[in-house]
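The values are calculated or read from the model by the stated rules, or taken from the named source; none is laboratory data. Everything numeric here is computed off the predicted structure, so don't read it as measured data. Don't worry about glycine lacking a Cβ; one is built from the backbone with ideal geometry, like all the others, and counts go over all protein chains shown.
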Amino acid sequence: MKKRLLAVLIAGLMTGTMAACGGTGTSAEEPHASAVQADDDDEPAAEPAAEPAVTGTEDVTVDAGADVTDIPQGVWIYGQSHNSWVVIDGDTWQCLNENGDAISEGNVISGDGVLELYDDSDTAFFTFSVEEDGALFDEMYMVEYFPVDHLPEKFPAQLEAEIGFDAIVGDWTYQEQDTDDYETYIDMAFVRIFEDGRYTIRYNGEEDDHLGIILIELDVNPDGTTIPMYSFFEGGNNYWNGCYMGYGEGEPIYFGNGGTARLIPAEGVG
């Protein structure tokens with residue numbers, strides 16, 4: 001299964017302020033004169049013209065839409081909860097919530113590996129550093145937005161309202177197919193799925209649980225039709241695995257093409 005993220009961010013809307021700076025000053029050189037002797041002693045020497053004073057600069061307000069260069073265009077998803085997106089298109093930006101509604105927008109400037117997103121009052125709303133992998137790191141709140149291909153047809157909140165997580169809530173054993181015997185599956189981890197789409201996974205031989213979230217997304221077929229699926233993200237923004245809907249209660253849930261991994265109801269584990 002070739003995975004295309006379609007549900008691709010706000011746990012909380014973040015704002016910041018940035019003051020535009022300018023300076024004033026004056027500088028004038030004293031006129032310097034050298035007496036010029038007239039040919040006629042009866043005529044006074046000509047007065048040299050005074051050099052004009054150099055005026056100081058005016059206070060400058062940052063024009064967030066001016067001199068835009070090297071601004072990456074695309075979509076970034078909030079890495080912690082996947083419930084908001086930052087969309088940059090040319091020198092403008094929008095922040096969309098989990099339903100796909102625009103909740104803020106403005107202009108963008110960039111320079112020296114930093115993106116500054118301004119609202120319509122020319123106040124800095126986000127200040128991002130651009131990571132090597134294309135992610136945007138929020139310098140104020142120390143969180144990461146990571147790049148995705150495009151906006152989804154439906155956002156997680158819309159799909160969750162339609163489908164929900166009831167079908168997969170509970171305790172499961174995660175298994176992977178034995179490469180030497182495809183009919184045999186090997187226990188790899190214990191998974192507990194909660195009603196709100198969060199889950200924990202504890203791999204065999206480890207003592208700690210890893211927390212993740214599940215998004216209900218749309219996988220796209222070659223003919224353009226879509227299939228709802230559960231997509232598991234471990235650690236917020238690391239896609240782990242995905243499985244399709246429609247399995248009967250208590251039945252194994254298979255991941256990927258060919259069922260190389262699956263969840264089966266856990267018995268006496270936890």
(request) Scan segment 231-251 and report the pairs whose first residue is farther than 16 Å from residue 189 by Cα and whose second residue is modelled with pLDDT of 75 or more and outside any strand (DSSP E or B), with Cβ atoms within less than 6 Å and a gap of 6+ or a chain change. (result) 236/79; 236/80; 237/79
(message) Which condition from (1) in a loop (DSSP other than H, G, I, E, B); (2) among the charged types (D, E, K, R); (3) surrounded by 15 or more Cβ atoms within 10 Å (Cβ to Cβ) is the one that residue 116 breaks?
(response) (1)
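Okay, residues lined up against (1) touching a strand residue (DSSP E or B) at 6+ places or on another chain (Cβ under 8 Å); (2) assigned by TED's automatic domain parsing to the domain that holds residue 155; (3) under 20 Å from residue 147 (Cβ atoms); (4) not hydroxyl-bearing (Ser, Thr, Tyr):
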| position | (1), (2), (3), (4) |
| --- | --- |
| 206 | no, no, no, yes |
| 233 | yes, no, yes, yes |
| 240 | yes, no, yes, yes |
| 251 | no, no, no, yes |
| 256 | yes, no, no, yes |
(request) Can you give me the number of residues within segment 152-166 that are at pLDDT below 90 and surrounded by fewer than 16 Cβ atoms within 10 Å (Cβ to Cβ)? (result) 1
(message) Just checking, does segment 229-237 include any residue being at negative phi and loosely packed, with under 13 Cβ neighbours inside 10 Å?
(response) no
(message) Here's a check for you: in segment 164-222, which residue that is β-branched (Val, Ile, Thr) and not in a strand (DSSP E or B) is farthest from the chain's Cα centre (by Cα)?
(response) 179
(message) On the basis of being over 28 Å from residue 255 (Cα atoms) and charged (D, E, K, R), does residue 171 make the cut?
(response) no
(request) Among the residues of segment 122-149, count how many are at negative phi and in a loop (DSSP other than H, G, I, E, B). (result) 9
(request) Exactly one condition in (1) farther than 27 Å from residue 226 by Cβ; (2) modelled with pLDDT of 90 or more is not met by residue 122; state its number. (result) (2)
